[in-house]
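Undergrad: Just passing along the structure, written as structure tokens.
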Ligand SMILES: [Cu+2]
């Protein structure tokens, strides 16, 4: 999985979007605690879609295989996210397809909205 992610990152960098990758905090994958406290209300919003692999409603974490998020310069990949409002995970189960909103600021990012696809 990590190798796949690295390949994806290399591909993105080759496309000249290295800055987007750095700003998007790809270094933080697998350790999503990083930078979340620094997130502020004026962060940038991105739309994501994907399949849920794991949900931890208690800690507010979710693992999603998401489709490419062009505004982030991200290829399709599997990764962990922190969810701002843990309560939103109550209705989210592994195997579900979801739509979500991702807020980024600096190197941090978190899901601010998530719901099953209709
Ligand atoms: Cu990703």
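Undergrad: Could you check the spin-label model distance between residue 57 and residue 76? Points 7 Å from the Cα along Cα→Cβ, value in nm.
TA: Taking the simple label geometry, residue 57 and residue 76 are separated by 3.0 nm.
Undergrad: Multiply the residue gap between residue 65 and residue 97 by 0.36 nm, knock off their C-alpha separation, and tell me the result in nm, one decimal place.
TA: Values: separation 32, 0.36 × 32 = 11.52 nm, distance 0.95 nm.
Between residue 65 and residue 97, full extension yields an extra 10.6 nm.
Every read-out reported here was derived from the displayed coordinates using simple, explicitly stated rules and does not represent laboratory data. Please read all numbers here as calculations on a predicted model, not as lab measurements. Glycine gets a Cβ as well: all are built from the backbone with ideal geometry, and neighbour counts include every protein chain shown.
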